[in-house]
Structures are given as structure tokens and as C-alpha cells.
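Engineer: Sharing a structure below in C-alpha cells format, with a few things to ask.
The values are calculated or read from the model by the stated rules, or taken from the named source; none is laboratory data. Because the structure is a prediction, the values reported are computed rather than measured. All Cβ positions, glycine included, derive from the backbone under ideal geometry; neighbour counts span all protein chains shown. Surface accessibility is based on the protein's heavy atoms, side chains included, excluding ligands, DNA and RNA. Shrake-Rupley method; radii C 1.70, N 1.55, O 1.52, S 1.80 Å.
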Amino acid sequence: MIHVPFLCFLYLTAGLTVSSSLWILDKRLDCSQLGLDHCKINKCSDKHMVVPAHLAPTGPEWGSEHVGVGMDKHRPVPIVNVTWTIRSDASVLKLRGSEINILDESTNQSICVQFSYNIRQQLNPNYEKWTFSLDGVVVEPGHSYMVTVFNLPEPEIERDQVRIRKQINIPGCDDQRIQKAQMCLENGSLWDPHITRSVSVDEEHKMLSIVVGFEAAKYSEKYQVSIQGHGFHCSNNVSKENTTSQNVTFELGLSQLSQCKMVIMIRPFFIRCKNDCERPEKTFHYCPYYPTRTLLIKASVGLVMFGICLAYWLWSSSRKDPVNTSTSAAKEQPEYFQVQDRKRVLVIYSLDHPLYKIVVLKLCAFLATTCGTEVVLDLLDSTRLGMLGSIQWLDWHREQIESSSDKILILCSRGVQAKWRAMCGDKKVFLREDVRSPIGDMLTPALSLMVPHFVRSASFKKYIVAYFDDICSEEDVPSPFNITVRYKLMEQFEELFFRILDTEKHEPGRVNHIDGLAEDEYHHCPSGRALRDAIEAFQAYQLEHPQWFEEELLENSELEVEETSAEIYQDAKTTMNPITYCEPDSTQVISHVKTQESDFTVDKIQLYMAERLQMSTSLQFNPHIVEDMQPVLGKYQVQFDDICELDKNIG
């Protein structure tokens, strides 16, 4: 981690904005870190380097912030340390620095710091994300600060998550983290007056004498000591002078005292808060110091009042409706829900890479075996797909799902975004895996059918949009799907599965939980472990081959060679049966921390297991795909053209 406190000369050379309420501690600047080139700190320029979007790095991610106390010369001051990390994707090689801006929302004052550096590897020498920290920013207790961080150079068109913002609220001086700061000490943050009192009664003159004692504070010279009760209030002013312990005497006539409760309050006058400082107080009862007769009278009255209140409470309790009472009690108990019917999910994806195909297959296996979901996938139904054609197969399943409670899961990736752009007029995209597959590119006809339905639907509950955060990014989601929730897998898989079940995770009074689906739990079962291994394998491949997606794209000359190779291999291999059968595991659904087994089972399902790379060369294009698209797509073409035109205008 890079810690960035500042030296005095930096205020002059870097031109940082410094104010009395927002500045950076005067310490030696340290911008060194193993693996960085030419790391230095410059002033924030009004003009930033702007480059085309494909040449700009992705935005940073938030780390942690820390509020505490730092030393400025000879006095402690409240500070905040802000940390951010760099995303470990291929764009890290385009990164040339970062800029951080901190704005005091109470005074509108700000400071701005710019880091300049070069990074040669996506991860640091410890195989962790690159982490940077701006430390020692002096702040004011009780103020709110808006922190903005973005990477350099900036893209010409600002994308989502290029700039990240966070509001940091600094606590008041009563918080232990900053109590020892000088400005808090001058407000009496550590002052404990140790209030004491002694009472004596003069029965001859019917007087009550009260002596109040307390300890004076370092930063307050004057105090106002007062006592008050029902019908009276007395106060005295005290100066500390050269003594720490203070005593103030009050004398009251017994006839003034009608109740037993009395409050002692000390009002200090500290350097900073002056007349508006916190006033400690202490309550005590002086009835034990009364003459016996007076004490007995007041005790009798108190017992009578207590008896009346107790009788009323018992009478009210007896009139409560027992039915409503039992209903309220039942509502406080944890509620359980069980999956009554198996849900069906149609999975739409792009054949970006052989390793990504394995990830998709492992996800389908996890949905089927661990979650008890019926998965509809083109790779699992190649026979029927070859008979019907791709468009008829997709349209039939879409109509079945539209008339039921089933869902369509769209897995976004680099190929999905590229093919969507190609459909809207960009350069045509030919992926190596599409050529090798016997069913060809299923994503393009799927988007042609489903995007018009998605855009015009009153609700989006039929469609679920997701992407694997470790191997894809939110930028891979086509623009029509930006109007709905995008789930990050496997971090938000549990929320996604609640969408499949049409069940809310957060309900009034409780939070539902499905055992074994959390990000740190899903890999405990065999199918989840296989899914995690597939994701990590593809992630490692991407780190070793930053240009992996470009390598999967085919030019026209390469396209002809791949098609010829696929046809020759298909003719030589007459039969192939890549189908296996798996028994499902039981799913457990729990609410809060209690677990209950669900009462459904899953039938045997077919899972396509062609995961070895060499098997993909045995596949070829289905000739029905192109010729079957026109009859069904014709009725959607006008709507689809309008969507593309809108997408271009937004872009």
C-alpha cells in the first residue's frame, strides 16, 4: 500500500488547495512501491488527458477508510485515511495515474491530489490488486466529506463507474476515535467532572444544605453550577483559578422541597464551544435527609399512587383480545418457505471461448443439481434444435416462459456486447467457437427475438441479466439491459436465485437465506466446486493472454479454413454421445439462522459434458440457422431497428 502524507514544500510545488479546515499533515512524502515506474505526485491540472474509450483504463474500486488522530508538529489533529484499489483487468496496462478530490460539504473547501505512475503487471508482486492510500487528511469533527477518485487518462465519453464517489461522515468529539484530538480536548472531550454531593439538614432552622463538588478541566476557566427540582432552581458561578477541585454550597428551605428528585448540572466554558458546551448532570434523591414524619408522609403517598397504577395495568391487560395477542406473537416468530414447484430457466450466452463454455456448463450443472432448477440450454438439446432450427427453437421456449413463472437468464460477456454492436451496424463478429459448434451462433437470433419483447414489456421479471465478475465486467452488458438489475456472479448468486423463485430476500421483519449459495459457501458442494474451478481457470487464462478475445475473432480467410476443418472432422466422426446423467442434491432453504430441508426433488437431467478443448473441433454449422431466421424475425425487424437507432443516439 502507498501512504501519502505531505511535506511542506509540496504545498508550493504541487499547488494543493489548503484551508484552515481541510489540509494534509506535514510529513515526508512516500510514493514508492515495488513494481511501479516513476511514481510521483503532481498538482491537479484543470486539463486532463482524454483518450478514446477503448484506450482508457477502467475505474478504480473503493477500499477502506480510517478515521483517527494524527500528530501535526506538537498537537494531535483528527484525520481520515482513504484507500482505493485498481481493477485487475487488461486495461491496467493503459493506466497512467489516479486523481483524488476531497470536498468539505460544510464549507465547500476542497483539496485535490494527482498520482502519476506506470504499472507493468495486472497484480502487484504479492499477487494482489494494486492499492493506493491518501493518508493524513486533516478534517473537522461533525463534517461530511465527498471523496471522488478516477483513473487517468479519462475516456472521451464518460462510462459508468469511471469516477467513484463516497461520502465520509466524521463523528463528533464524543467518538473515541478522535477524542484525543486537540480541538476535541479544547471542547472538553475527555473531561470527567466526578460530581459529588453531601447533604445536611438543620432541623432547627428548617434548612437543607447541599455541597456540590467537581473536578475542573484544563481548558475551561469558568463554570456555572446549578441545582434544580420541582418548583426551584439555584445557580452559582465559579472560577477555577489555581485549584483543580471545586466546592459550591447551596442552602434551601425545607418548605421549598415538594418532591424528592433533584438535578445537579455543571456548565463549563471551554475555549472552542464557549457558551454552548456539553453540560454533565447528576440526579439524586434528598428524601432520606428529611425529618422522619415528612418522609413517612411522602412514602405513603407514593405507595398509594403505585397501587393505583398497578390496578389499572392489570385491568387493561385482562381486556386485551386473546386472538390478536396470539396473532402478534406469531408474527414475531421466524417464517419458513419451501419451494413447491421446480422452476425452469432458459440460459442465453455467447460462445466466447472453450473455457467460457465450460463455465456456462458448470453453472447449469450447479443450477440443476444443487438448486433443483430445470435448465434449458442449446447445448443440452442439440437434437431437437437441429430438427426445428434455431429461431423456432428459441421462439417456442420464449413463448412457453412468457406464459409461465419461468425465467430467461442472459449471461453477458465480451462476445455478447460485440455481437449486439454488430447487430446495430458495427463490424461483423465471427468467433472461433461459433464456427466449431454444430448449432452455430445462437446469441444473435436470441437477441433479435428477445430484445424487442424485453424493451416493450411492462415489467422485466421474466428476464434476469447477469455476468461473471471475475472474468467479465458490467461493461459487457448491452445498453437495452441497463434499465434492469445486473447481477454479479457468484457474489450475488443468492439474490439471483431468489429472482428465479419469485421470492423476496428482504421481507418485513426478516431476511431470507438459502444455505450453500453465498459467495463463500457455494463451492462446498461438488458442482459448486467444479464451477469455481472453471471460473478460476478462465481467469488465469485471461491474465496470461490479455488479448484473448481478439485472438478468438476470425477474419474471412480464417473463417473458411475453420469451416472446412470442422466439416472434414464431422464426416470422419459418425457418432458421438456427449451426454451424462447426474442426480440432484437436496436444496435447503432457511430463514434467519434456522434450516429446513425443502420437499422437492429433481429428475435426472441431461448435461452436456464436452469440456475438452479438442472435442470442440468436431462441431460444425447447422445449415438451418440462417434460412430459418427470416420468417420469424420479420415481425420484429421494425422494432429492432428502432432499438438500435436509440442505442446509437445514446452512445
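Engineer: Can you tell me which residue within the range 222-233, out of those that are within 24 Å of Asp276 (Cβ to Cβ) and at pLDDT below 90, is surrounded by the fewest Cβ atoms within 10 Å (Cβ to Cβ)?
Structural biologist: Among them, the one singled out is His233.
Engineer: Inside the range 417-472, can you point out the residues that are assigned to a loop (DSSP other than H, G, I, E, B) and of a type in the set (Lys, Arg)? Step through it out loud before you land on a result.
Structural biologist: Filtering the range 417-472 for residues assigned to a loop (DSSP other than H, G, I, E, B) gives 424-430, 437-442, 457-462, 469-472.
The answer is Lys427, Lys428, Lys461, Lys462.
Engineer: Just to verify a result, which residue in the range 165-176, among those that are surrounded by fewer than 16 Cβ atoms within 10 Å (Cβ to Cβ) and under 20 Å from the mean Cα position of the chain (by Cα), is farthest from Trp84 (Cα to Cα)?
Structural biologist: Ranking the qualifying residues of the range 165-176, first place goes to Asn169.
Engineer: Which condition from (1) crowded, with 21+ Cβ neighbours inside 10 Å; (2) at pLDDT 90 or above; (3) closer than 17 Å to Ser32 by Cα is the one that Asp135 breaks?
Structural biologist: Condition (2) is where Asp135 drops out.
Engineer: A further question follows. Hey, any hits in the range 404-414 for a residue that's part of a helix (DSSP H, G or I) and open to solvent by 10 Å² or more (accessible area, probe 1.4 Å)?
Structural biologist: Yes, some residue in the range 404-414 is part of a helix (DSSP H, G or I) and open to solvent by 10 Å² or more (accessible area, probe 1.4 Å).
Engineer: Of all residues in the range 104-132, which are among the aliphatic types (A, V, I, L, M) and buried (at least 19 other Cβ atoms within 10 Å of the Cβ)?
Structural biologist: Going residue by residue through the range 104-132, those that are among the aliphatic types (A, V, I, L, M) are 111, 113, 119, 123.
Residues satisfying the conditions are Ile111, Val113, Ile119.
Engineer: List pairs: first residue in the range 496-524 and of a type in the set (Phe, Trp, Tyr), second residue at pLDDT 90 or above and not in a loop (DSSP other than H, G, I, E, B) anywhere in the structure, Cβ distance under 6 angstrom, at least six positions apart or on different chains.
Structural biologist: As it stands, the answer is Tyr522/Gly528, since those pairs meet every condition given.
Engineer: Can you give me the number of residues within the range 52-90 that are in contact with a strand residue (DSSP E or B) (Cβ under 9 Å, 6 or more places away or on another chain) and within 20 Å of Arg120 (Cα to Cα)? Before you say what the answer is, go through the steps one by one.
Structural biologist: So in the range 52-90, the residues in contact with a strand residue (DSSP E or B) (Cβ under 9 Å, 6 or more places away or on another chain) come out as 52-73, 76-87.
Filter once more, keeping what is within 20 Å of Arg120 (Cα to Cα): 54-61, 84-87.
Result for the range 52-90: 12.
Engineer: Out of the range 31-67, which residues are surrounded by 14 or more Cβ atoms within 10 Å (Cβ to Cβ) and of a type in the set (Asp, Glu)?
Structural biologist: Selection gives Glu61, Glu65.
Engineer: Please find, within the range 389-399, the residue that is farthest from Ser437 (Cα to Cα) out of those that are in contact (Cβ under 8 Å) with a residue 40 or more places away in the chain and part of a helix (DSSP H, G or I).
Structural biologist: Among them, the one singled out is Arg398.
Engineer: Looking at this structure, is Leu208 touching a helix residue (DSSP H, G or I) at 6+ places or on another chain (Cβ under 7 Å), aliphatic (A, V, I, L, M) and assigned to a strand (DSSP E or B)?
Structural biologist: Considered against the rule, which asks whether it is touching a helix residue (DSSP H, G or I) at 6+ places or on another chain (Cβ under 7 Å), aliphatic (A, V, I, L, M) and assigned to a strand (DSSP E or B), Leu208 comes out as yes.
Engineer: Leu22 fails exactly one of the following numbered conditions: (1) over 15 Å from Pro153 (Cα atoms); (2) open to solvent by 60 Å² or more (accessible area, probe 1.4 Å); (3) more than 25 Å from the chain's Cα centre (by Cα). What is the number of that condition?
Structural biologist: Just one mismatch for Leu22, condition (2).
Engineer: Sticking with this one: Output the residues belonging to the range 193-205 that are surrounded by 13 or more Cβ atoms within 10 Å (Cβ to Cβ), part of a loop (DSSP other than H, G, I, E, B) and of a type outside the set (Val, Ile, Thr). Walk me through it before giving the result.
Structural biologist: First, pick out the residues of the range 193-205 that are surrounded by 13 or more Cβ atoms within 10 Å (Cβ to Cβ): 193, 195-197, 199, 201.
Those still in the list that are part of a loop (DSSP other than H, G, I, E, B) too: 193, 195.
Of everything in the range 193-205, just one residue is surrounded by 13 or more Cβ atoms within 10 Å (Cβ to Cβ), part of a loop (DSSP other than H, G, I, E, B) and of a type outside the set (Val, Ile, Thr), namely Pro193.
Engineer: Only one of (1) touching a residue at least 24 places away in the same chain (Cβ under 8 Å); (2) of a type in the set (Ser, Thr, Tyr); (3) open to solvent by 10 Å² or more (accessible area, probe 1.4 Å) fails for Thr383. Which number is that?
Structural biologist: Failing condition for Thr383: (1).
Engineer: Identify, please: which residue in the range 33-47 is within 26 Å of Val139 (Cβ to Cβ) and either in a loop (DSSP other than H, G, I, E, B) or among the charged types (D, E, K, R) (or both) and is, among those, modelled with the lowest pLDDT?
Structural biologist: Asp46
Engineer: Output yes when any residue across the range 262-272 is assigned to a strand (DSSP E or B), out of contact with any strand residue (DSSP E or B) (no Cβ under 6 Å at 6 or more places or on another chain) and either crowded, with 16+ Cβ neighbours inside 10 Å or modelled with pLDDT under 90 (or both), and no when none is.
Structural biologist: The answer is no; no qualifying residue exists.
Engineer: Scanning for something small (Gly, Ala, Ser), open to solvent by less than 40 Å² (accessible area, probe 1.4 Å) and free of Cβ contacts under 8 Å to residues at least 60 places away in the same chain, does the range 462-474 turn up at least one residue?
Structural biologist: Within the range 462-474 (the criterion being small (Gly, Ala, Ser), open to solvent by less than 40 Å² (accessible area, probe 1.4 Å) and free of Cβ contacts under 8 Å to residues at least 60 places away in the same chain), the answer is yes, since at least one residue qualifies.
Engineer: Within 55 Å of the chain's Cα centre (by Cα) and either at pLDDT below 85 or open to solvent by less than 90 Å² (accessible area, probe 1.4 Å) (or both) - does that describe any residue in the range 286-299?
Structural biologist: yes
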